[in-house]
Amino acid sequence: MDATIGNYHSQPQDDHWVVQALTEAARLSRTRSTIRIHTTESEITSAIRDLRHKSDEYGELARSLAKSGKSFVLARPERESPIWRDLMKLMKDGKMPTPSPLVTYVVHTAAITDYERVYTGVVMVGLGTIVVHATASTGDDLIDAELNMMEWVLQVGGGGGRIDVHHSTDGARRIWEQADHLAKQEGTHDLGRSGTRLRSLAREAFRIRTQIQAARAPNPLFDRFARFAASTCWADGNIL
């Protein structure tokens with residue numbers, strides 16, 4: 001998908017939470033792969049080291065890893081980019097922003113232009129997953145670029161549930177805030193084009209049984225993440 005995907009899980013930390021966390025990390029990885037673990041949890045760090053020494057406490061996990069040809073390698077969180085370090089700290093402190101139970105995904109998009117190309121970033125948060133995607137297109141239409149991201153979101157989201165979306169440009173936000181009015185507009189003028197685009201997105205959302213609505217307010221962290229993603233695309237390098 002040309003995207004960066006992070007999976008996170010929240011559950012009570014019982015006596016077996018370390019094994020559960022490492023088992024989940026292994027499950028999400030391909031067979032015969034080396035899994036780099038970035039963690040701020042000292043218990044997980046100790047467990048990975050004990051696995052190397054074939055500790056009896058983690059024998060079943062070690063045997064499962066050996067059977068699938070997987071192995072863990074400790075990575076250093078301080079070598080991660082600032083935004084991912086912020087997320088790890090929020091998870092550690094139990095302050096990770098998550099959608100309400102009624103929202104399947106919270107989506108933030110951002111777009112910048114040099115008047116030759118538009119650079120757009122999108123962040124999808126929900127169902128225990130953070131997806132970050134950035135792309136570039138010719139032209140200088142920020143509204144059109146951010147709505148293009150919604151086409152991508154509908155494709156990746158898989159259908160069903162509710163998406164709360166926040167765009168960085170006022171014009172793109174008004175598309176959803178004034179959806180009832182714009183959906184009736186036709187023609188080649190700006191309102192007509194917006195109406196045509198909105199109807200197209202609405203048809204696709206209806207087809208996959210998804211409801212889209214404007215978020216009441218941006219989440220500062222995810223809004224910043226979307227802007228960083230767009231900036232990364234503009235800089236043609238990984239600055240996340």
**Study point:** Assigned charges on the beta-carbon of Lys, Arg, Asp, Glu; segment 105-239 dipole about Cα centre (debye)
**Key:** 560
Point to revise | Cα-based shape type of segment 105-239, given that a ≥ b ≥ c are square roots of the gyration tensor eigenvalues and the cut on a/c is 1.5 | key: oblate
Exercise for review: Answer rounded, prolate or oblate for segment 14-75, using the Cα gyration tensor with square roots of eigenvalues a ≥ b ≥ c: rounded when a/c is under 1.5, else prolate when a/b is larger than b/c, else oblate.
Suggested key: rounded
Check your understanding: Rounded to a whole number, what % of the accessible area of segment 14-75 do carbon and sulfur atoms account for, probe 1.4 Å?
Key -> 46
Study note, to complete from the structure: Regression test value, accessible area per residue of segment 105-239, probe 1.4 Å, units Å², expected 51
Review point. Over segment 14-75, what is the mean sequence separation of C-alpha contacts under 8 Å (at least six apart), divided by residue count, expressed as relative contact order in percent?
Key: 48
Point to revise | Förster-model FRET efficiency, 25 Å R0, Arg85 and His53, C-beta, rounded to 0.05 | key: 0.30
Point to revise | Label point distance in nm, Glu204-Ser100, each placed 7 Å from Cα along Cα→Cβ | key: 2.7
Review point. By how many nm would the segment from Thr31 to Arg63 grow when fully extended, if each residue of separation counts as 0.36 nm and the alpha-carbon distance is taken off?
Key: 10.1 nm
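Subtracting the Cα-Cα distance from 0.36 nm times the residue separation, let me have the gained length for Gln211 to Glu43 in nm, one decimal.
Here the answer is 56.4 nm.
Return one whole number: the accessible area per residue of segment 14-75 in Å², for a 1.4 Å probe.
On the way: 4150 Å² over 62 residues.
Roughly 67 Å² per residue, with all protein chains present.
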Point to revise | Label point distance in nm, Asp15-Val73, each placed 7 Å from Cα along Cα→Cβ | key: 3.5
Exercise for review: Return the sequence-ordered ³J(HN,Hα) values of segment 110-116 in whole Hz as given by the Karplus equation 6.51 cos²θ - 1.76 cosθ + 1.60 applied to θ = phi - 60°, using x for Gly and Pro.
Suggested key: 8, 9, 9, 9, 9, 6, 10
Check your understanding: For segment 62-152, rounded, prolate or oblate, judged on the Cα gyration tensor with a ≥ b ≥ c (square roots of eigenvalues), a/c < 1.5 rounded, else prolate if a/b > b/c?
Key -> prolate
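The values are calculated or read from the model by the stated rules, or taken from the named source; none is laboratory data. Small disclaimer: the values here were computed from a predicted structure and weren't measured. Quick reminder, even Gly has a Cβ in these numbers, built from the backbone with ideal geometry, and neighbours come from all protein chains shown. All accessible areas refer to the heavy atoms of the entire protein, side chains included, with ligands and DNA or RNA removed. Shrake-Rupley method; radii C 1.70, N 1.55, O 1.52, S 1.80 Å.
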